[in-house]
1. Go ahead and run the numbers for FRET between ALA96 and THR161, Cβ-Cβ distance against an R0 of 25 Å, rounding to 0.05.
2. Which percentage, to the nearest 5, of the DSSP beta bridges contained in the chain is antiparallel?
3. How much length is gained on full extension from GLU313 to ALA2, taking 0.36 nm per residue of separation minus their Cα-Cα distance?
4. Take every DSSP beta bridge with both residues inside the range 1-158 and express the antiparallel ones as a percent of the total, to the nearest 5.
5. With θ taken as phi - 60° and the coefficients 6.51, -1.76 and 1.60, list the Karplus ³J(HN,Hα) couplings across the range 147-159 in order, rounded to whole Hz; mark glycine and proline as x.
6. If I model a spin label as a point 7 Å beyond the Cα along the Cα-Cβ vector, how far apart are those points for GLN249 and ASN65 in nm?
7. Looking only at PRO216, PRO93, PRO162, which one moves most when the chain is put into a Gaussian network model with springs between Cα atoms under 10 Å?
8. As a check on your grasp of the helix formula, calculate [θ] at 222 nm for the chain: sum -39500 (n - 2.57) over DSSP H runs of n ≥ 4, divide by the residue count, round to the nearest 500.
Amino acid sequence: MADVLVVGELKNGELKKISKELTSAARKIADSIGGKVHTVVITENVDAFAGDLKAVGADTVIGANLGEFSPEGYANGIFAIIQEKKPAVVLIPHSAQGKEYSARVAIKANAGIVADAVGLSVDGGKVVAKKPIYSGKAYANFKVTSDIQIFTVRANSQEVTPKDGAGAVEKSGAAAGEVRTKSISKDLSGGNKVQLADASIIVSGGRGIKGPENWPIIQDLADTLGAALGASRATVDAGWISHSHQVGQTGKTVSPNCYIACGISGAIQHLAGMGSSKYIVAINKDGDAPIFKVATYGVVADLFEVVPALTSEFKKVLG
Ligand SMILES: Cc1cc2nc3c(=O)[nH]c(=O)nc-3n(C[C@H](O)[C@H](O)[C@H](O)COP(=O)(O)OP(=O)(O)OC[C@H]3O[C@@H](n4cnc5c(N)ncnc54)[C@H](O)[C@@H]3O)c2cc1C
């Protein structure tokens, strides 16, 4: 019992990057503890994803048809696959869906679970998960002491490293089983714009943008970079933008490669949602703003001058 099972995720029929991130992380863990990597994709069409997952370390790519998403159905199906494969470690995306079903899987498997890991390593044959605590003010390391160790892992926290696995394709007979809740309608906000949780670049605006009429300045930079648009709570509370854009303790937790904060002071509740970003760029006219304590690059200037200038330069370079 040294295998690692990953639950991948699709969006609009495409493999989400987190599926490769977790498979790659699983490969490193499995190589360390001497096991295999199984990546589950909830789909009828597993062959379409097998190549991509094999290339980052999957020994088996398992297709499971669990129907439309429901926390109960996914937990039932994933638990059935756990019973069959008997993994030592299970990695689940810390996504909206993963957060909904992972605890159910842990209960069914009688396993300990650590949520929102941003670092994974191995010590003494057990996985060590690093995760933010106290709203991101500090990090702590955790081990799970049960036989099955379950972790939900934050998007963009794991490197994707090419390394071929065996890549065998399996179609699982696991089923959603009895599902006692039913989705009766959906309200999908955000249109075709880049979604915050998946974005590798986020451009966010705060109260420093002065009013909702100035979002186009921030959005223009975001569009130029192929980035998602984020916001501080001050702008959401003021009614300048919908809550779906809010980053922070009471909004979304994000971990992009690059987070560009424009006119955001850097309150602890905002940092809780973006402090694990790889590079943080802060544009603020107050050189004492707390955001500069976490910024990789800081620009002490008026955003109304700097942001359009940045957009124009990026447009020249990126076309
Ligand atoms: C329980 C709780 C939960 C919370 N959850 C969240 C959360 O999830 N997310 C969140 O963001 N906040 C959250 N908050 C609110 C948080 O404490 C701050 O009030 C909020 O983040 C401030 O938003 P801001 O940085 O946009 O505004 P401000 O703090 O007002 O900062 C605006 C910044 O813009 C700068 N600025 C002004 N004009 C310009 C200009 N022309 N050019 C450049 N810079 C300029 C100013 O120097 C200032 O630093 C929460 C608070 C509580 C109590």
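Values quoted throughout were computed directly from the atomic coordinates according to the rules given, and no laboratory measurement underlies them. Keep in mind it's a predicted model, so treat the numbers as computed, not measured. Don't worry about glycine lacking a Cβ; one is built from the backbone with ideal geometry, like all the others, and counts go over all protein chains shown.
1. In this case the efficiency is close to 0.45.
2. 20
3. 106.9 nm
4. For the range 1-158, the DSSP antiparallel bridge percentage is about 35.
5. After applying 6.51 cos²θ - 1.76 cosθ + 1.60, I find 4, 9, 10, 10, 9, 9, 10, 5, 4, 6, 8, 10, 6 Hz.
6. Roughly 4.7 nm, to one decimal.
7. PRO216
8. It lands at -9000 deg cm²/dmol.
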